[in-house]
1. (1) modelled with pLDDT of 95 or more; (2) closer than 15 Å to Ala309 by Cα: which one isn't true of Val374, the others all being true?
2. How about region 362-399: which of its residues are buried (at least 21 other Cβ atoms within 10 Å of the Cβ) and not hydrophobic (A, V, I, L, M, F, W, C)?
3. Scan region 69-76 and give yes if some residue there is modelled with pLDDT of 80 or more, of a type in the set (A, V, I, L, M, F, W, C), in a strand (DSSP E or B) and farther than 19 Å from Phe249 by Cβ, otherwise no.
4. Residues of region 218-244 being over 15 Å from Phe188 (Cβ atoms) and aromatic (Phe, Trp, Tyr), which ones?
5. Can you pull out the strands (runs of 3 or more DSSP E) entirely within region 101-211 that have at least 2 residues that are modelled with pLDDT of 80 or more?
6. Inspect all residues belonging to region 333-345 and state whether any of them is among the hydroxyl-bearing types (Ser, Thr, Tyr), touching a strand residue (DSSP E or B) at 6+ places or on another chain (Cβ under 9 Å) and at pLDDT 85 or above.
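The values are calculated or read from the model by the stated rules, or taken from the named source; none is laboratory data. Because the structure is predicted, anything quoted here is derived from the model rather than measured. So basically every Cβ, Gly included, is an ideal-geometry build from the backbone, and we count neighbours across all protein chains shown.
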Amino acid sequence: MQRMQWSAAGVVLAGLMGGLLAGCGGSVGSGGNGDTPAGGSNAQADTYIGTTTPTGFLDGVVNMTLDHGTSFFSLTNEDSYGMGSNATYAGDYSAEGNWIALMPENATGGPFYTLEVQGGAAIVDMGSDLGPVVMAQSSNCLGLTGAEDFQFITLGDPAPQDLTVQGYGHVTITPKSGGTAVQAGWSFSNYDLTGMDGSDEKPAALADGLCAPSAEGYATTVPATVNGTQVLFTVDVGQTGFFVMDRDFTSQLPALVGVEKPAQALGAAAVAGVSYEGIEFDAMASSPQAVPPRQMTAPVRFANGVGSAMTGGVFANDDPAQAAASDLTLDLGAEDASNNGLFPAVRLTTPDPQQMCAGRPYGGTDAAGNPTCVLQGVAVAGNPGGKYALFVTVANVADSAGTSMIQFLLYQK
């Protein structure tokens, strides 16, 4: 499908379409700590809540409903680019390979390619000049039967040259008083982040959160204070264990995206040995593989794993119905012995046709004769719903503006 340049022209500024939301019961499912069963999804419609990065027209909490009975969608951003108003996109969608193509009726541009793990998670590519929207299923206030551990990466580059802000971490969520009643809310513990420079960020402890139905859907809000300013974090956990936390775009803190920590070690070869599709996001970065170098958000595919490494690349013309390149190598390295699903020594080998990595580690040349740059990073993985999900963040030392992140948000196909 021909992809047009996105434009803000014609975007409807409106309230969230709360009437499309339907509540149902559920709990965190397979692949995690194993103490709660997997929930089901509405056969006709799935609702998601998620987050994005303040790079372009969108920021903050995003809500999406996909009606599978009518092939209609709505996607709403709670505060479009700090304008204090909601931006709502709506229209029909159609299948495009393993993806669906959202065609907004009220905006110039599109399609918005969306990969849905039905009832679990969704990710939306809004175009190369915008950050991805990363979402977890949200059709209810989730009841937990016990403490659940989650691992995550930070999304995007609110502070591109600050490696203490970008990184990875973990948090434990427990139903208050040990009960399952959603009205009791959640408590948060063991909340910590490690910067890409290895520093312990020591974030402030999270206050208790309360879930309630709202215009945005069902999510847990957590009051917080950042640099003396009162803000509101929004947390969503999907029925199968996907995790997102929007930390309020006014705080300038990056969002957190990840998955429930697996109960057993996954093994690098097992995680790398399946096929994935998802999004590559080079935020505020000069992507070394792009000609000319630029910020990039694009659908990708990885497969053909050997040992801990797999190969893949961006789909031609950013269209997931076309062939994907195979010019990237993602090597997970060894799984952390103390943290199931954490891979702290990831290596990304990427083409560097503009020779942006001069003076940096090189890995030889690719099939086209281009030098290849070798970059270091971290990944967290889980197996929600019995399939792997992989969230990778890599330090791009080749960015002329300073070290920034190249990220891969991948779901097993």
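1. (1)
2. Matches in region 362-399: Thr372, Gly377, Gly382, Asn383, Pro384, Gly385, Tyr388, Thr393, Asn396, Asp399.
3. For region 69-76, residues modelled with pLDDT of 80 or more, of a type in the set (A, V, I, L, M, F, W, C), in a strand (DSSP E or B) and farther than 19 Å from Phe249 by Cβ: present.
4. Tyr218, Phe242 - these are the residues of region 218-244 that are over 15 Å from Phe188 (Cβ atoms) and aromatic (Phe, Trp, Tyr).
5. Details: elements: 108-110, 112-117, 121-125, 133-137, 148-155, 167-175, 186-195.
Output list reads 112-117, 121-125, 133-137, 148-155, 167-175, 186-195.
6. No.
For every residue, the table says whether it meets (1) crowded, with 18+ Cβ neighbours inside 10 Å; (2) of a type outside the set (Gly, Ala, Ser); (3) under 24 Å from Gln137 (Cα atoms); (4) without any contact (Cβ under 8 Å) to a residue 12 or more places away in the chain.
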{"position": "Met245", "(1), (2), (3), (4)": "yes, yes, yes, no"}
{"position": "Ala269", "(1), (2), (3), (4)": "no, no, no, no"}
{"position": "Phe281", "(1), (2), (3), (4)": "yes, yes, yes, no"}
{"position": "Gly305", "(1), (2), (3), (4)": "yes, no, no, no"}
{"position": "Val314", "(1), (2), (3), (4)": "yes, yes, no, no"}
{"position": "Ala321", "(1), (2), (3), (4)": "no, no, no, no"}
{"position": "Ala324", "(1), (2), (3), (4)": "yes, no, no, no"}
{"position": "Leu328", "(1), (2), (3), (4)": "yes, yes, no, no"}
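Yes or no, residue by residue, for (1) modelled with pLDDT of 95 or more; (2) in a loop (DSSP other than H, G, I, E, B); (3) touching a Leu at 6+ places or on another chain (Cβ under 6 Å):
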site: Asp236; (1), (2), (3): no, no, no
site: Gln239; (1), (2), (3): no, yes, no
site: Phe243; (1), (2), (3): yes, no, no
site: Val257; (1), (2), (3): yes, no, yes
site: Ala263; (1), (2), (3): yes, yes, no
site: Ser286; (1), (2), (3): no, yes, no
site: Gln289; (1), (2), (3): no, yes, no
site: Pro292; (1), (2), (3): no, yes, no
site: Thr297; (1), (2), (3): no, no, no
